[in-house]
Amino acid sequence: MNLAVVLVSPKTPGNVGAAARAMLNMGASDLRVVAPRCDILDSQAVAMAVHAADLLRSARIYSTLREALADRDLSVGTTARLRADLPAPRHPAQVRPLVRAAQAPALVFGPEETGLLNSDLEQCQVSIRIPTGEYASLNLAQAVLLVCYEFMQAQDEVPEWTRKTASREEMEAMYGHLHETMHLIGYTDAVRARHTLRLWRAMLDRALMSSAESRLFRGLLRQVQWKVQDAATRGMVTTRQGKEVESEEQTAES
């Protein structure tokens, strides 16, 4: 499986090394680190990686999570708690068929102290929560080991179908386009925009769009933008009944 493990802003080199070892244990080899706060090749990291030192050395560093997910077609975020305005996290086993059906899935882990931010989870199509006892805080490497096991080694039926979904870069570009169009037509405002877009993200991410479908949706947005801008150029406004009439300014001039 072409599974990428993405560590967002890790603080401790030993945790990065131990996470690399956990990946190797489960058969994953694509480690990506976003804005690390430590030297991931520190001697402590290499020592904790043990036989996964080469995997650690081949890890790619990114400035932003968006860049790290650009070539992925499914991103799975991890969280230990419920978040307002975001879909509830699911059990890893429930997400396993989605991950195994994806061509290029990614598993995203947050900083040791805080976990992923809401803005990080927004970029993930689905989130998971590892079931634990009353004490829910897991070490980063423990979490990587458990979830990689669920996705790569746990036994279940092979998915009946496979589907090539759009990359996260294509989806993020589509969401940016949707955000612009919402403002243009007055669908939302600066205060409500973030919440409104989260609701749209949740709905559209569940659709698991293909690249062609994301382009189709953006084609609709372009047509909406053109129509509004064309009407503004011609000095037309639209009534509640959907009829176009001349604006008051244009009427006064004539």
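Under a model in which nothing but the beta-carbon of Lys, Arg (+1) and Asp, Glu (-1) is charged, the chain shows a dipole of about 360 debye around its Cα centre. Using the Stokes-Einstein relation with a Kirkwood hydrodynamic radius computed over Cα pairs, the translational diffusion coefficient of segment 108-201 at 10 °C and a viscosity of 1.306 mPa s comes to 96 µm²/s. For segment 27-103, the residue among A52, A80, L65 whose Cα projects farthest onto the positive side of the dipole built from Cβ charges is A80.
Projected over all directions and averaged, the alpha-carbon convex hull of segment 44-102 occupies 6.5 nm².
Model label sites at L199 and V224, defined 7 Å from Cα along the beta-carbon direction, differ in position by 1.4 nm.
Using the Cα centre of segment 2-103 as the reference point, and only Cβ charges (+1 on K/R, -1 on D/E), how large is the resulting charge dipole? Debye, rounded to the nearest 20.
On the way: 13 positive and 8 negative charges, 64 e Å.
Approximately 300 debye in magnitude.
In units of the compact-protein estimate 2.2 N^0.38 Å, segment 81-145 shows a Cα radius of gyration of 1.12. Based on protein heavy atoms only, segment 191-233 ends up with 66 Å² per residue of surface accessible to a 1.4 Å probe. Solvent-accessible surface of segment 75-122, averaged per residue with a 1.4 angstrom probe and all protein chains in place: 41 square angstrom. Adding -39500 (n - 2.57) for every DSSP H run of four residues or longer, then dividing by how many residues the chain holds, sets the calculated 222 nm ellipticity at -14000 deg cm²/dmol. Overall, the accessible surface of the chain at a probe of 1.4 angstrom is composed of carbon and sulfur to the extent of 53 percent. Considering only alpha-carbon pairs that sit under 8 angstrom and 6 or more positions apart, the relative contact order computed for segment 1-160 is 30 percent. The base-10 log of I(q)/I(0) for segment 1-97, evaluated at q = 0.11, 0.13, 0.14, 0.17 Å⁻¹, reads -0.35, -0.49, -0.56, -0.81 [Debye formula, identical scatterers on Cα atoms, solvent excluded]. Taken along its three principal axes, the alpha carbon spread of segment 14-166 comes to 43, 33, 33 Å, from the longest extent down to the shortest.
The values are calculated or read from the model by the stated rules, or taken from the named source; none is laboratory data. What you see is a predicted model, and the numbers here were worked out from it, not measured in a lab. Reconstructed Cβ throughout: ideal geometry from the backbone, glycine too, with neighbour counts over all protein chains shown. Note: accessible area is taken over every heavy atom of the protein model, side chains too, but ligands, DNA and RNA are not part of it. Shrake-Rupley method; radii C 1.70, N 1.55, O 1.52, S 1.80 Å.
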